[in-house]
Amino acid sequence: MGSIFTELVELVKSSGVFKRNKKSVEIKVLASLLYFFGLSLRVVSEILSGFESISHETVRKCYLRGDKSTREEEEEVNCDR
């Protein structure tokens, strides 16, 4: 998971999806991935609390921010055709 995860983190950092950095980008990306793969918001926050204090609401916001950014990029690509 190291190299793919590292590339994903670098992609997110370069895209500027997360403007504020109270929580590390790595934690935000990992939270989004875990939630995307089917874990509940509370379970994700409990797992990640071992690394950094994070609430289920922060997990939700991180996921929605990433999802919104992805959808905007898809719309831009579709408009260019």
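The values are calculated or read from the model by the stated rules, or taken from the named source; none is laboratory data. In this text the structure is predicted, and so the values were computed from the model without any measurement. So basically every Cβ, Gly included, is an ideal-geometry build from the backbone, and we count neighbours across all protein chains shown. The area values use the complete protein model at the heavy-atom level, side chains included, leaving out ligands, DNA and RNA. Shrake-Rupley method; radii C 1.70, N 1.55, O 1.52, S 1.80 Å.
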For residues that are open to solvent by 40 Å² or more (accessible area, probe 1.4 Å) and within 24 Å of S3 (Cα to Cα), tally how many sit in segment 35-63.
11
Against the definition (free of Cβ contacts under 8 Å to residues at least 24 places away in the same chain and either among the basic types (K, R) or over 19 Å from D67 (Cβ atoms) (or both)), how does G50 come out, yes or no?
yes
Considering segment 1-10 alone, what residues qualify as being open to solvent by 60 Å² or more (accessible area, probe 1.4 Å) and farther than 18 Å from R65 by Cα?
M1, S3, I4, T6, E7
Filtered residue count, segment 11-25, keeping only those that are open to solvent by less than 100 Å² (accessible area, probe 1.4 Å) and in a helix (DSSP H, G or I):
5
